[in-house]
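Step one of this worksheet: look at the structure below.
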Amino acid sequence: MAAKVFKNFIGGEWVESRSGQTYENLNPADTRDVIGVFQRSDKRDVDDAVSAARQAFERWRLVPAPKRAEIIYRAGEILLERKEEYARLMTREMGKVLKETRGDVQEAVDTAYYMAGEGRRQFGATVPSELPNKFAMAVRMPIGVCGMIAPWNFPMAIPSWKLLPALVCGNTCVIKPAEDTPLSTLNLLKALTDAGLPKGVVNVVTGFGPEVGAPIAEHANVQAISFTGSSEVGRTVGVTAAQSFKPCSLEMGGKNAIIILDDANLDLALDGVLWGAFGTTGQRCTAASRVIVQKGVYRQFADRLIYRAQRLKVGNGQDESVEMGPQINEQQVATTEKYVQIGKNEGAKLEAGGKALNTPDHVYGWFFEPTIFTDVNEKMRIAQEEIFGPVLSLIPVDSFDQAIEIANGVTYGLSSSVYTRDVNKAFRAMRDIYAGITYVNAPTIGAEVHLPFGGTKSTGNGHREGGLGAIDFYTQWKSIYVDYSDRLQRAQIDTE
Ligand code: UN1
């Protein structure tokens, strides 16, 4: 059977790429399974999408925010009805297990409900004026056309973090889904259009970074840009955006640590580490890739973790009994293999996994064993660089203070976690870990959509997604002064 062809969505129409070029999207658990044929777009398609978004902006910005919000709310209801269908397609397209893809769709539903509420908030400020008979306020205004570049690991949730706040604030959008996972973004779009989103308000252009992402970031009529992906590409996007002074939100890598102190509930920590490190096959920017363990419990913890990790069922995520799916593509497996070799060369002890899986059940997909290095020194590359695969480094430490220092001793600062029963140490960790997110007695993953999401240092550039951070990013302030004195009043001059 010929694979289904999916088109770009521009100005409310399904259109082919101008070049007529396409590419195949394959199931990472079984590359014989073609999800579909997608448009391989280029700058001309981006230009079309930006003009459509530009035109639509003039009408959309004037739709009252509570009305915009109703469409978003309805899209949330539609996503909930289609949750199982979209989760199954996402597992086929992206690989993570069904339990997780249901969570990914749910995260878009949560975002829709939250952002729909913002239709009746988007609070500004009314403040007194220094002059008599003068009124002052600050209101949030939409920015215009927002460009978005999304990653493959949360193919519906992350596009929803970008699109839905932008929309409720009155912006229009051009989004490029990751080339590995365009279908899930098109499914999100379908929910929005079925909910009544007008033509041109969201435009989806599929394809590859240099051919689609770069022209979006460069486009003179794209007024803001939001990117989630690697720090390397993020730097290029940031530099491009700076040239035309576009607001730019970057959410990039992590090297997230879980600290386990001697007094921790080890059973709880064990479940948390397995979930944090091997959930989504380690392919979350919030994944736990370092576990810093105090020496009193280090060996016991390592033994129990290795035992459990070696028994995780790895396979096709469409099978409900599978606990860990494949990596997204060949290149990610190659990166994981490269880092396993680096870890061995650096002298870390490989105690679990370390290889791509090639049994008859795995031979058509990009599977890798849950991998654990022990006795890792915090300066080794496997303890410093983001791997984005199922590889975990265990680092033994003497004290709480040393644990915090090591947790902070990387260039990233997204998520972090501490397992302890000592409330004083928990509060010190909350204060002293320099990261955007800290969990106490829970792993590094599992952020909720109504709180700010993002990190310090090379993880980001100061913006936050989720919650109010998103409303801040997708609006700009306008200060308004109304003088009803009927005479010229001069601020700072008429001081008497
Ligand atoms: C990501 O890691 O890329 O907190 C996003 C979590 C999810 C989102 C992760 N809610 O793990």
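With everything on Cα atoms, drop me the angle between helix 98-118 and the longest principal axis of the chain, reported from 0 to 90° to the nearest 10.
It is inclined by approximately 20 degrees.
Using unit Cβ charges (K, R positive; D, E negative) and no other charged atoms, how large, in debye to the nearest 20, is the dipole of segment 59-179 about its Cα centre?
Dipole magnitude for segment 59-179 comes out near 320 debye.
Label 7 Å along Cα→Cβ of SER321; segment 81-110 residues with amide nitrogen under 19 Å?
Label zone hits: 97-100.
How much accessible area per residue does the chain have, in Å², with a 1.4 Å probe?
Dividing the accessible area of the chain by its residue count gives 42 Å².
Using unit Cβ charges (K, R positive; D, E negative) and no other charged atoms, how large, in debye to the nearest 20, is the dipole of segment 256-440 about its Cα centre?
The calculation lands at about 160 debye.
Report the FRET efficiency, 1/(1 + (r/R0)^6), for GLU58 and ARG490, where r is their Cβ-Cβ distance and R0 is 35 Å, rounded to 0.05.
0.45
Within segment 256-440, what percent of beta bridges assigned by DSSP are antiparallel, to the nearest 5?
The antiparallel fraction comes to roughly 15 percent.
Could you give the distance between the Cα centres of segment 175-200 and segment 234-308, to the whole Å?
30
In percent, what relative contact order does segment 256-440 have, based on Cα pairs under 8 Å that are 6 or more apart in sequence?
28
Looking at this model, which pairs from LYS246/LYS478; LYS4/LYS255; LYS255/LYS355; LYS83/LYS176; LYS83/LYS199 are more than 27 angstrom apart at the alpha-carbon?
LYS4/LYS255
If you count the DSSP beta bridges with both ends in the chain, what percent of them are antiparallel, to the nearest 5?
Expressed as a percentage, antiparallel bridges in the chain total about 45.
For the charge dipole of segment 359-439, defined by +1 on Lys and Arg C-beta atoms and -1 on Asp and Glu C-beta atoms about the Cα centroid, which residue among PHE427, ASN377, ILE406 has the Cα displaced farthest towards the positive pole?
Positive-most Cα among the choices belongs to PHE427.
What percentage of the solvent-accessible surface of the chain, computed with a 1.4 Å probe over protein heavy atoms, is contributed by carbon and sulfur atoms?
51
Taking +1 at the Cβ of each Lys and Arg and -1 at the Cβ of each Asp and Glu, which of LEU250, THR172, ALA112 sits farthest along the dipole of the chain towards its positive end, judged by Cα position relative to the Cα centre?
Of the listed residues, the answer is THR172.
Extending each Cα 7 Å along its Cβ direction at ARG381 and PHE427, get the distance between those two points in nm, one decimal.
About 4.3 nm, to one decimal.
Please report, in debye to the nearest 20, how large the charge dipole of the chain is about its Cα centre when each Lys and Arg carries +1 at its beta carbon and each Asp and Glu carries -1 there.
In total the dipole reaches around 620 debye.
Using only Cα atoms and rounding to the nearest 10 degrees, what angle (0 to 90) does helix 182-194 make with the longest principal axis of the chain?
That works out to roughly 40 degrees.
Could you tell me which of GLY279, ALA442, PRO215 has its Cα farthest along the dipole of the chain towards the positive end, charges placed at Cβ (Lys, Arg +1; Asp, Glu -1), taken about the Cα centre?
With unit charges placed on the Cβ atoms, the residue in question is PRO215.
Tell me the angle of helix 330-346 to the major Cα principal axis of the chain, expressed in degrees between 0 and 90 and rounded to the nearest ten.
50
For a quick check of your reading of the filter: which trypsin sites (Lys or Arg not before Pro) in segment 18-88 sit in a DSSP loop and have no more than 11 other Cβ atoms within 10 Å?
Of the trypsin sites (Lys or Arg not before Pro), not one in the loops of segment 18-88 has a Cβ with at most 11 other Cβ atoms within 10 Å.
The values are calculated or read from the model by the stated rules, or taken from the named source; none is laboratory data. What you see is a predicted model, and the numbers here were worked out from it, not measured in a lab. Positions of Cβ are backbone-derived with ideal geometry, glycine not excepted, and every protein chain shown enters the neighbour counts. The area values use the complete protein model at the heavy-atom level, side chains included, leaving out ligands, DNA and RNA. Shrake-Rupley method; radii C 1.70, N 1.55, O 1.52, S 1.80 Å.
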